[in-house]
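Here's the structure, in structure tokens; my notes come after.
The values are calculated or read from the model by the stated rules, or taken from the named source; none is laboratory data. Owing to the predicted nature of the structure, the values given are computational and were not obtained by experimental measurement. Ideal geometry is used to build each Cβ from the backbone, glycine not excepted, and the neighbour counts take in all protein chains shown.
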Amino acid sequence: MPKSEGSQTRSAASADMAARPVPGHADSAALALPWLVADIGGTNARFGWVAEVATGVQHVATLGVAEHAGPAQAAQAYLAGLRERLGAAWSAPRKAAIAGGRGRDRGRR
């Protein structure tokens, strides 16, 4: 299970990711929201959700990389949990921004 926003084990990087606003744009409809954002490391994959530019990154969760076959499966697990959490407010991400380790696919076993 993902470690949710309230988890005491959430890293400082995840907290920082949740607090940063997304750069503003006058016409947020042109941005094709929502976005999936992620930071995939060797130990943890941190995911967040941008539903509105004004609110920045929300619904930050940390998943253990070793618990998933690869980054795509970790993202699918995050999105499945988010879909359940958001219910009728859910819509599939239109864009994704993913940062990873130093040129290696560190999410694969």
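Residues that are assigned to a helix (DSSP H, G or I) and modelled with pLDDT under 60 within region 11-57 comprise ALA12, ALA13, SER14, ALA15, ASP16, MET17, ALA18, ALA19, SER28, ALA29, ALA30, listed in sequence order.
Within region 54-93, how many residues are farther than 14 Å from ASP39 by Cα and of a type in the set (A, V, I, L, M, F, W, C)? So the answer is 12. Of all residues in region 32-62, those satisfying the criterion of being touching a residue at least 24 places away in the same chain (Cβ under 8 Å) and within 15 Å of GLY101 (Cβ to Cβ) are ALA38, ASP39, ILE40, GLY41, GLY42, ASN44, ALA45, ARG46. Quickly run through region 58-98 and pick out the residues that are part of a helix (DSSP H, G or I), touching a helix residue (DSSP H, G or I) at 6+ places or on another chain (Cβ under 9 Å) and buried (at least 17 other Cβ atoms within 10 Å of the Cβ). Within region 58-98, VAL65, PRO71, ALA74, ALA77 qualify. Regarding VAL60, is this residue modelled with pLDDT of 95 or more and within 20 Å of ILE40 (Cβ to Cβ)? It is true that VAL60 is modelled with pLDDT of 95 or more and within 20 Å of ILE40 (Cβ to Cβ).
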